[in-house]
1. May I ask you to sort 95, 183, 107 by Cβ crowding, counting other Cβ atoms within 10 Å and putting the fewest first?
2. For region 332-419, with the dipole built from +1 on Lys and Arg beta-carbon atoms and -1 on Asp and Glu ones, taken about the Cα centre, which of 394, 416, 338 lies farthest toward the positive end?
3. If neighbour count is taken as other Cβ atoms inside 10 Å, put 169, 265 in order from fewest to most.
4. Using modelled backbone amide H atoms (1.01 Å from N, in-plane), which distant-in-sequence or interchain residues come within less than 5 Å of residue 260's amide H?
5. How big is region 263-302 by Rg and Dmax over its Cα atoms, in Å?
6. Spin-label point model (7 Å from Cα, Cβ direction): what's the residue 402 to residue 211 distance in nm?
7. How much length, in nm to one decimal, is gained on full extension between residue 175 and residue 230, taken as 0.36 nm per residue of separation minus their Cα-Cα distance?
8. For residue 67, what charge total do you get from the other residues with a beta carbon under 11 Å from its beta carbon, if Lys and Arg give +1 and Asp and Glu give -1?
Amino acid sequence: MVRETGSRPPPESAGAPEEAGQLEPEPPPESAGTPESAPQGPAGAPAAEAGIAGVFRKEYGRAVAVLTRVLGDIDAAEDAVQDAFTLAVRHWPSTGLPPSPAGWIITTARNRATDRLRREAGRGDKQLQAAQLQAARSPAEPTPEELVITELSREGTVDDDRLRLMFTCCHPALATNAQVALTLRLLGGLTTAEIAHAFLVPETTLAQRLVRAKAKIREAGIPYRVPHGADLPARLPPVLAVVYLIFNEGYSSSSGGPPIRADLCAEAIRLGRLLAALMPDEAEVKGLLALMLLTESRRAAREAGGGPVLLADQDRRLWDRALIAEGQDLVRQCLRRNQPGPYQLQAAISAVHSDAPDGGATDWRQILRLYDRLLELAPGPVVALNRAVALAELEGPEPALRLVDALGLEGYSPFHAVRADFLARLGRIDEAVAAYDAALQLAGNAADRTFLESRLLESRLRETWLPETGPGGAAR
């Protein structure tokens, strides 16, 4: 579950120690993965349609960011990019993808916007936009922060337009939930339906929120630029929340396609690296980057047979040791600063897991201490649920179950999955079956459903063959 003002820990699988919280997706709209208003391609061209969907997912944010700089207006930029993708859906199935799909989209969008502005230049705001289009060729002197971004851009590491758009979307004049939703829509390539599910709100509510946020940016004249150094710390929390949510959508996709979207994970990590270069003294930036790197390091091991693999059961030979080393180094840097924050503590928990050669060697006592500190800094039921899993490893499932039952997370699939695991370990198999069934009913991700179905079947078999299990329960 994603809280309106925060982020969620990335899932390894339902009930895994550091990842009990996860996004609960719904089936996507028919056009998910393509522009939400674009027509579908002709029948018989599934490969081309898949290619267009991939370009949309990967390049939509970049195209909107570039066009926002050119046009000076987010709505106009988004309309132009939507127009370009509409043309792509019409033509690419028959002509094939161009050599540079991203370049085609950006060029087409800019040309369409230019033509539209010239046609309507006699109308107030459109005339102003036409002037802005011309002025874009002679930009104002950049801030020192923008110079850092530009230098990194020359190295091929970053795209400064996207970071500028991110800070625009995360301006303090906007409500936090609007900041996150708008940035996910414009830069994360997520559809309105996907973001609505992440926020656990109706799609119409989320759509209205996006409209109001864009209107606020336009009416308040919020600048399209990276803030000056003195303003950066206050502007940082919603930006970090956005980056983390983009990563989580990639790590456990709600779009109905592959359960892991490597492109979104890579985009979030790229933005995290950029923020770390821009703000080297911000420990929470390093903490978030470390958390994403350590989580990403396990990606190759977290799926098998169409479903997720529990952290304890993963083949750790598949873990990416380079990412682990980089993440652990960042965690050590954070520890030396001794300014703990939620992202740093979650990264430290992940680092403890990455230190263990196998699940049995995990330092659960250290993990429990880190969760205790995390609960002090960022109290909430999802953190408490994760802490209960760690407690169960040290003191057994019975005291952990008592804590979980008091959390009030009945609408949250991992809550039921964790309860089911505890109940099964206690030998209360009939209750475990009911809890797994509840978790399955709330799960929307195909991989999570596969995992929960296997656990439910296993529990039902145990219920059939072990009806006389006594107090204390069967071993895990």
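No lab work stands behind these numbers, since they all come straight from the coordinates. What you are looking at is a predicted structure, and each value in this text was computed from that prediction instead of being measured. Here the Cβ positions follow ideal geometry from the backbone for every residue, glycine too, while neighbour counts run over all protein chains shown.
1. Taking fewest neighbouring Cβ atoms as first place, the list is 95, 107, 183.
2. Positive-end residue among those listed: 338.
3. Values: 169 28, 265 22.
Placing the least packed residue first, the sequence is 265, 169.
4. Hits under the 5 Å cutoff: 253.
5. 10.6, 33
6. Using points 7 Å along Cα→Cβ, the separation is 5.2 nm.
7. Extra length from residue 175 to residue 230 when fully extended: 17.7 nm.
8. Net local charge, residue 67 excluded: -2.
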